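Remarks on the structure that follows.
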Amino acid sequence: MAGRGAKSLSDRAVFAAIALWLVSVATGFGLLWKYKSTPGAPPLALETRWPAASRIERDPQHATLLMFVHPRCPCTRASVAELSRLMGRLSGQLAARVVFVRPQGVEDDWERGELWARAASIPGAAAVLDKGGAEAERFDARTSGQVLLYDPAGRLVFSGGITPSRGHEGDSFGQRRIVSLIETGSADRADSPVFGCALRASLQSANKEER
């Protein structure tokens, strides 16, 4: 009897440990999903037209897409991959500028890594350096992967992201709306969530790491 009682207690302890482990795993997946599906902060002070003070070259013959990125944000690889697909679909109809924000105080070419090479290789796109984040500030870009679309006259027609969640590739509302705007001139909305690292916080962190 004593042996069966001890075995029963042991079984209950095993079941309790398994239940606790399952709860921990479910909680972990829940937190991970929340992280991946929580968008970054949208711009708060967007101008409706291309800023006159910007040094980024705008294409006057085609719509121009800007994507602001932190060069070392891992989430942004998915954004650049989706930009490549988007440019392939809209070949000849869209010009893109991938704006790499270099923090103050870091060495030259700090931004020129794998992400820069991938962006620069996209047909119809150009990688652009933004020293100190002046252009990001001018366009009020707050999240790495932020996309702004301007028509040939320089009017802002879309602001948002082109990935379905943080660091994940695939179809998204942002891509559909950009395609619709280019191909038909309209879309159901002019925005979408942006999934990526907080651009300005990332820049501040990079500055601290380099000191």
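The values are calculated or read from the model by the stated rules, or taken from the named source; none is laboratory data. Quick caveat, the model's predicted, so the values are computed rather than measured. As a convention, Cβ positions derive from the backbone with ideal geometry for all residues, glycine included, and neighbour counts pool all protein chains shown.
What the table below lists for this structure:
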item	result
Given (1) surrounded by fewer than 19 Cβ atoms within 10 Å (Cβ to Cβ); (2) among the acidic types (Asp, Glu); (3) under 16 Å from the mean Cα position of the chain (by Cα), number of the condition Glu82 does not satisfy	(1)
Lone qualifier among Ala81, Ala96 - being out of contact with any Asp or Glu (no Cβ under 8 Å at 6 or more places or on another chain), among the aliphatic types (A, V, I, L, M) and at pLDDT 95 or above	Ala96
Among residues of the range 135-159, those that are out of contact with any Lys or Arg (no Cβ under 7 Å at 6 or more places or on another chain), surrounded by fewer than 16 Cβ atoms within 10 Å (Cβ to Cβ) and over 23 Å from Arg102 (Cα atoms), counted	2
Residues of the range 102-122 classified as more than 20 Å from the chain's Cα centre (by Cα) and on the phi < 0 side of the Ramachandran plot, total	4
Residue match in the range 99-110 (condition: loosely packed, with under 14 Cβ neighbours inside 10 Å, without any contact (Cβ under 8 Å) to a residue 12 or more places away in the chain and in the same structural domain as Gly145 (by TED's automatic domain parsing))	yes
The one condition in (1) within 13 Å of Ile162 (Cα to Cα); (2) modelled with pLDDT of 95 or more; (3) part of a loop (DSSP other than H, G, I, E, B) that Ile122 fails to fulfil	(1)
The range 142-177: number of residues that are more than 13 Å from the chain's Cα centre (by Cα) and either closer than 16 Å to Ala190 by Cβ or hydroxyl-bearing (Ser, Thr, Tyr) (or both)	12
Residue pairs meeting the criteria (Cβ under 8 Å; at least 6 apart or on separate chains; first in the same structural domain as Ala81 (by TED's automatic domain parsing), in the range 169-188; second of a type in the set (Phe, Trp, Tyr) and at pLDDT 95 or above)	Gly174/Phe158; Arg177/Phe158; Ile178/Phe158; Leu181/Phe158; Ala187/Phe158
Test: residue in the range 161-169 that is at pLDDT 95 or above and under 20 Å from Gln93 (Cα atoms)	yes
